[in-house]
Amino acid sequence: MEAIEERVDRVGVELAEFIAQSKTTIRHMDEMIAELKEESRTHNFEMARIADRIGRFAEDIVAPNIPRLAEEIFGVGQIEFEAPRVKRRHSRDPSRVREFDVVVAGHRHLLVTSVKATARNGDIPEFVAALKDVFDYFPEFRGYTLVPIFASMALGPEAVRRLTRLKIYALALGQRTMELLNLEDVRARRADGK
């Protein structure tokens, strides 16, 4: 009988040790899960920051081209208004605020540009919806001809066809995206041998 009691006691001790080890293991697993969740949050935050930077980079590439297009393509002489990333309140409902990526106005034309680093399926319909009340955000240009431009680093043929059907200009990277800012100065220095 004593042998059985010893075995039972030994099993009890081993069971208690197993339970203690299990609790320690579970505690370690909980700590690891908490660390993974924190790393995941940090990763998601960093990815959002990178996406925001890429979006701003795309806007920074597109923005200087819009005034040039306004002048060269749409005959806008003197530009009355030019703004990248402009936030405006709705004229009839001040609680509504919208940010426009690039806006240029002049010679009775209002160019409104939506910029996407990578165009997604819902971006074009979203832009179309935003255009419906654009003059409520820019009442000073009511009566101007609206010139909608959808810009992205690249646009596939289907997106271009869709934009064309919607009478929206499609703008993507091309040959005139960058220009030499000091071309004549460097040519002159090179010609002088300096």
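The values are calculated or read from the model by the stated rules, or taken from the named source; none is laboratory data. This one's a predicted model, so the numbers in the text were calculated from it and none came from an experiment. Counting neighbours? That spans all protein chains shown, and the Cβs are built from the backbone with ideal geometry, glycine included. Surface areas here come from the heavy atoms of the whole protein model, side chains and all, with no ligands, DNA or RNA. Shrake-Rupley method; radii C 1.70, N 1.55, O 1.52, S 1.80 Å.
Computed values, structure above
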{"quantity": "Verdict on Ala34 being within 31 Å of the chain's Cα centre (by Cα), of a type in the set (A, V, I, L, M) and within 30 Å of Ser114 (Cβ to Cβ)", "calculated": "no"}
{"quantity": "Residues located in the stretch 54-68, provided they are part of a helix (DSSP H, G or I) and open to solvent by less than 70 Å² (accessible area, probe 1.4 Å)", "calculated": "Gly55, Ala58, Glu59, Ile61, Val62, Asn65, Ile66, Pro67, Arg68"}
{"quantity": "Residue in the stretch 150-169 that is within 26 Å of Gly75 (Cα to Cα), of a type in the set (Ser, Thr, Tyr) and touching a Pro at 6+ places or on another chain (Cβ under 8 Å) present", "calculated": "yes"}
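Residues are listed down the side, and each one gets a yes or a no for (1) free of Cβ contacts under 8 Å to residues at least 40 places away in the same chain; (2) closer than 30 Å to Asp101 by Cβ; (3) open to solvent by 90 Å² or more (accessible area, probe 1.4 Å); (4) assigned to a helix (DSSP H, G or I):
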position	(1), (2), (3), (4)
Glu6	yes, no, yes, yes
His28	yes, no, yes, yes
Leu36	yes, no, yes, yes
Phe45	yes, yes, yes, yes
Asp52	yes, yes, no, yes
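Conditions tested, residue by residue: (1) in contact with a strand residue (DSSP E or B) (Cβ under 6 Å, 6 or more places away or on another chain); (2) open to solvent by 90 Å² or more (accessible area, probe 1.4 Å); (3) acidic (Asp, Glu).
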position: Glu17; (1), (2), (3): no, yes, yes
position: Glu31; (1), (2), (3): no, yes, yes
position: Ala48; (1), (2), (3): no, no, no
position: Ala70; (1), (2), (3): yes, no, no
position: Ile73; (1), (2), (3): no, yes, no
